[in-house]
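First comes the structure, then the notes that go with it.
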Amino acid sequence: MKRLAYILIKRILRIAFFFYFKEISIHGLDNDSSREPLLYLPNHQNALLDALLIAVYSEQKPYFLTRSDVFSNPVSRALFKLLRMIPIYRLRDGRDSLRKNHMVFDTCVDLLKEGRVIVIFPEGNHNLRRQVRPLSKGFIRIIQHALVKYPQLMIRLVPIGINYAGATSFPDRVALFYGSRIEVLPPYPSGDDPNFSRRMKETVSGSLRQLTTHIDSTHLYEETLEMLDSIGADYLSPQKVNACIKSASGLNFKPKSRDDGKWYREAFMTLFSILNLFPVIVWKYFIKKWVPEPEFLSSYRFLFALFVMPFFYLMIFLFVAMTVGNVAAFASAAGLILLNLFYVKFG
């Protein structure tokens, strides 16, 4: 039953992503169906959306290490467990809670032994800044636990760069780049070897910096970001953007004109807001203000649309059916769905 529910939710989410994102592109996802111990290590900008995108577009059924506080609500706890999310505990959850991580790591090691995929965000937190932040030791500890329990287990690490055109925008575009596999082969160092930890972090971080836009902390971050925005940098092509950052000539690029089609987009947005007045008002005045952090904005918006928009379309259908007729009701609901889809893809 859980397997069928998982497949159904995955299909529903894929359809929802098609209606939510202007463009979704996946690069380098090869041999994803093979059964071997894999640790997926993505950068982390956009809260829950990062995890859902990996889950939906992977042929595997990955397990996710997720901050424990999101399991506090019984409804979310049941949903997250169904989506194979495993709570991970942090110092802010209390020192006593950290002891539970030993059981979590043991579970992860057993899953790897079975040839499963585990996703852990090595940065340890989410942030909208376009840079790879220092990596935490979470994935290192999983590897070290594996060394002790299964000394001959060959684990492969897969860095993943998740790139949003505008992480808080709607409609948005996103590109996932799967990097080359990093093999962690026996024999391993004994104990908690700091050199081993440092090498692993440097290798994974270096790969992530090629798979997503990275504005180094030594740069003037805001000025560099403003320059990239002014020239219309395509953040879905991180290699080109990073080359522009490194190139001094990039600072001499002329700003890209943003007037082309501006009236068209504004008119289309106004029409979209009028035709979807009820969900727009509910989102803007009742839901959006409860978003705890900017990194959660797109996740809240996506989940809101996932549950509210089908209900809204159904209400449109029933209202027109009762007042005009079934044919007009079908035409009205279908027409609104198609117009909204056109707005997402071309607006």
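With respect to the numbered conditions (1) surrounded by fewer than 23 Cβ atoms within 10 Å (Cβ to Cβ); (2) within 30 Å of E266 (Cα to Cα); (3) of a type outside the set (S, T, N, Q); (4) in contact with a Gly (Cβ under 8 Å, 6 or more places away or on another chain), which one is the sole condition not fulfilled by L176?
The one condition L176 does not meet is (1).
Limited to segment 65-99, what total is found for residues that are crowded, with 16+ Cβ neighbours inside 10 Å, at pLDDT below 80 and more than 16 Å from the chain's Cα centre (by Cα)?
Step one: list which residues in segment 65-99 are crowded, with 16+ Cβ neighbours inside 10 Å, which gives 65-68, 71, 80, 83-90, 93.
Checking which are at pLDDT below 80 leaves us with 67-68, 71, 80, 89-90, 93.
Those left that are additionally more than 16 Å from the chain's Cα centre (by Cα): 68, 71, 89-90, 93.
Selection size over segment 65-99: 5.
Given the residues F177, F196, which is the only one that is modelled with pLDDT of 90 or more and of a type outside the set (A, V, I, L, M)? Break it down stepwise before answering.
On the way: F196 fails: modelled with pLDDT of 90 or more.
Residue meeting the stated conditions: F177.
How many residues, within segment 111-138, are open to solvent by less than 50 Å² (accessible area, probe 1.4 Å) and assigned to a helix (DSSP H, G or I)?
Counting residues in segment 111-138 that are open to solvent by less than 50 Å² (accessible area, probe 1.4 Å) and assigned to a helix (DSSP H, G or I) gives 3.
Just give me the residues in segment 20-51 being part of a helix (DSSP H, G or I) and touching a helix residue (DSSP H, G or I) at 6+ places or on another chain (Cβ under 6 Å), in sequence order. Let's see the steps before the verdict.
Residues of segment 20-51 that are part of a helix (DSSP H, G or I), as a first pass: 20, 48-51.
Passing the criteria: Y20, L48, L49.
Name the residues in segment 10-64 that are over 23 Å from R129 (Cα atoms), at pLDDT below 90 and among the hydrophobic types (A, V, I, L, M, F, W, C), would you?
L29
In the set Y343, Y285, which member is of a type in the set (F, W, Y), outside any loop (DSSP other than H, G, I, E, B) and either buried (at least 17 other Cβ atoms within 10 Å of the Cβ) or over 30 Å from the mean Cα position of the chain (by Cα) (or both)?
Working: Y285 fails: either buried (at least 17 other Cβ atoms within 10 Å of the Cβ) or over 30 Å from the mean Cα position of the chain (by Cα) (or both).
The unique qualifying residue is Y343.
Can you pull out every residue in segment 216-266 that is among the aliphatic types (A, V, I, L, M) and modelled with pLDDT under 90? Explain how you work it out, then say what you get.
As a first pass, look at segment 216-266 and keep what is among the aliphatic types (A, V, I, L, M): 220, 225, 227-228, 231, 233, 236, 241, 243, 245, 248, 251.
Within segment 216-266, L220, M227, I231, I245, A248, L251 qualify.
Determine the pairs where a residue that is of a type in the set (D, E, K, R), located within segment 261-289, has a partner that is assigned to a helix (DSSP H, G or I) and open to solvent by 70 Å² or more (accessible area, probe 1.4 Å) with Cβ atoms under 8 Å apart, the partner being 6 or more residues away or on another chain.
K288/Y300
Out of segment 269-308, which residues are of a type in the set (D, E, K, R) and closer than 22 Å to F346 by Cβ?
Keep residues of segment 269-308 that are of a type in the set (D, E, K, R), which gives 284, 288-289, 293, 295, 301.
Matches in segment 269-308: R301 only.
Among (1) modelled with pLDDT of 90 or more; (2) farther than 28 Å from F17 by Cβ; (3) open to solvent by 30 Å² or more (accessible area, probe 1.4 Å); (4) touching a helix residue (DSSP H, G or I) at 6+ places or on another chain (Cβ under 8 Å), where does T168 come up short?
Unmet condition: (2).
Mind checking which pairs have a first residue in segment 14-31 that is over 17 Å from A305 (Cβ atoms) and a second that is aromatic (F, W, Y), Cβ under 7 Å, 6 or more apart or different chains?
Hits for this filter: I26/Y57; H27/F177; H27/Y178; G28/F177; G28/Y178; L29/Y178.
Within the set of pairs 6+ apart or on separate chains, which have a first residue in segment 292-315 that is outside any helix (DSSP H, G or I), a second that is small (G, A, S) and surrounded by 14 or more Cβ atoms within 10 Å (Cβ to Cβ), and C-beta atoms under 9 Å apart?
Once the first residue is outside any helix (DSSP H, G or I) and sits in segment 292-315, its partners that are small (G, A, S) and surrounded by 14 or more Cβ atoms within 10 Å (Cβ to Cβ) give E293/A47.
Within segment 1-13, which residues are touching a helix residue (DSSP H, G or I) at 6+ places or on another chain (Cβ under 8 Å), of a type in the set (A, V, I, L, M, F, W, C) and more than 20 Å from M309 (Cβ to Cβ)?
Selection gives A5 alone.
Is there a residue being of a type in the set (D, E), surrounded by fewer than 18 Cβ atoms within 10 Å (Cβ to Cβ) and in a helix (DSSP H, G or I) anywhere in segment 263-275? Spell out the reasoning first.
Step one: filter segment 263-275 for residues of a type in the set (D, E), giving 266.
After this cut, where a residue has to be surrounded by fewer than 18 Cβ atoms within 10 Å (Cβ to Cβ) as well, the list is 266.
Filter once more, keeping what is in a helix (DSSP H, G or I): 266.
There is at least one residue in segment 263-275 that is of a type in the set (D, E), surrounded by fewer than 18 Cβ atoms within 10 Å (Cβ to Cβ) and in a helix (DSSP H, G or I).
The values are calculated or read from the model by the stated rules, or taken from the named source; none is laboratory data. This is a predicted model, so every value here is computed, not measured. No Cβ is skipped: glycine too gets one built from the backbone with ideal geometry, and neighbour counts run over all protein chains shown. What goes into the accessible areas is simple: the full protein's heavy atoms, side chains included, and nothing from ligands, DNA or RNA. Shrake-Rupley method; radii C 1.70, N 1.55, O 1.52, S 1.80 Å.
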